[in-house]
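Notes for the one structure printed next.
The values are calculated or read from the model by the stated rules, or taken from the named source; none is laboratory data. Treat the numbers as computed from the prediction; the structure is a model and nothing was measured. All Cβ positions, glycine included, derive from the backbone under ideal geometry; neighbour counts span all protein chains shown.
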Amino acid sequence: MRIQILDKTKKKKFIERVSYLGVEKFNYLLISSGAEKIRAYSGSLSVDEIIRIWTEMRVESIGLYFGKEVGQETRLTVDAMHLLKDQITKNIVELEKEQEHQWFLGKDIQLTEEQKITYKDMKGFVAVRSQGDFVGTGKLSDNKALLSNFLPKERRVKN
């Protein structure tokens, strides 16, 4: 697997693609690895050292899995949301208690009539929050009736 260190232009483009959440900047080195996956690194290794280690030692990954580029959109991971929690101010869907339970089972969420009205201007990927904590990324359907769940299987609760 090849890695690519995102230069300033590509990093700026990535940040623009997550600006729908209110994110404006962050101080992480961004690394593209695999199919559309973006990793964030904040350690003391230089770019040359990272590439050398990657090629000579066959390291599987470096940094934190931060997000995924999906077509023209970018979806942040739960971990990235926790790192950027102070910057995420827009496109936040707040779950109710029963919806939270369904969310952690990995199910898509039917929005209430009140939520449909509240979130009518949102589209695409959104930050999902419950009881003040970010719990993942979802995607609103065009009619705002359904919130698709992107919670990884390893983070779901078993029945």
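So Lys11 clears everything in (1) among the charged types (D, E, K, R); (2) exposed (fewer than 12 other Cβ atoms within 10 Å of the Cβ); (3) out of contact with any helix residue (DSSP H, G or I) (no Cβ under 8 Å at 6 or more places or on another chain); (4) modelled with pLDDT of 90 or more except one condition, right? Which one?
Just one mismatch for Lys11, condition (2).
Tally the residues that are in contact with a Leu (Cβ under 9 Å, 6 or more places away or on another chain), within 18 Å of Pro152 (Cβ to Cβ) and either free of Cβ contacts under 8 Å to residues at least 12 places away in the same chain or not hydrophobic (A, V, I, L, M, F, W, C) (or both), restricting the search to the stretch 27-81.
Total satisfying the criteria: 6.
Look at Ile50 and say whether it is over 30 Å from Lys90 (Cβ atoms), buried (at least 16 other Cβ atoms within 10 Å of the Cβ) and not hydroxyl-bearing (Ser, Thr, Tyr).
Values: over 30 Å from Lys90 (Cβ atoms): yes; buried (at least 16 other Cβ atoms within 10 Å of the Cβ): yes; not hydroxyl-bearing (Ser, Thr, Tyr): yes.
When the stated conditions are applied, Ile50 passes them.
If only one of Gly67, Gly71 is surrounded by 12 or more Cβ atoms within 10 Å (Cβ to Cβ) and not assigned by TED's automatic domain parsing to the domain that holds Phe104, which one is it? Walk me through it before giving the result.
Values: Gly71 fails: surrounded by 12 or more Cβ atoms within 10 Å (Cβ to Cβ).
None of the other options fit; the residue is Gly67.
Can we say Thr89 is closer than 23 Å to Gly132 by Cα and touching a strand residue (DSSP E or B) at 6+ places or on another chain (Cβ under 6 Å)?
Numbers: closer than 23 Å to Gly132 by Cα: yes; touching a strand residue (DSSP E or B) at 6+ places or on another chain (Cβ under 6 Å): no.
Here the answer is no, as Thr89 does not meet what is asked.
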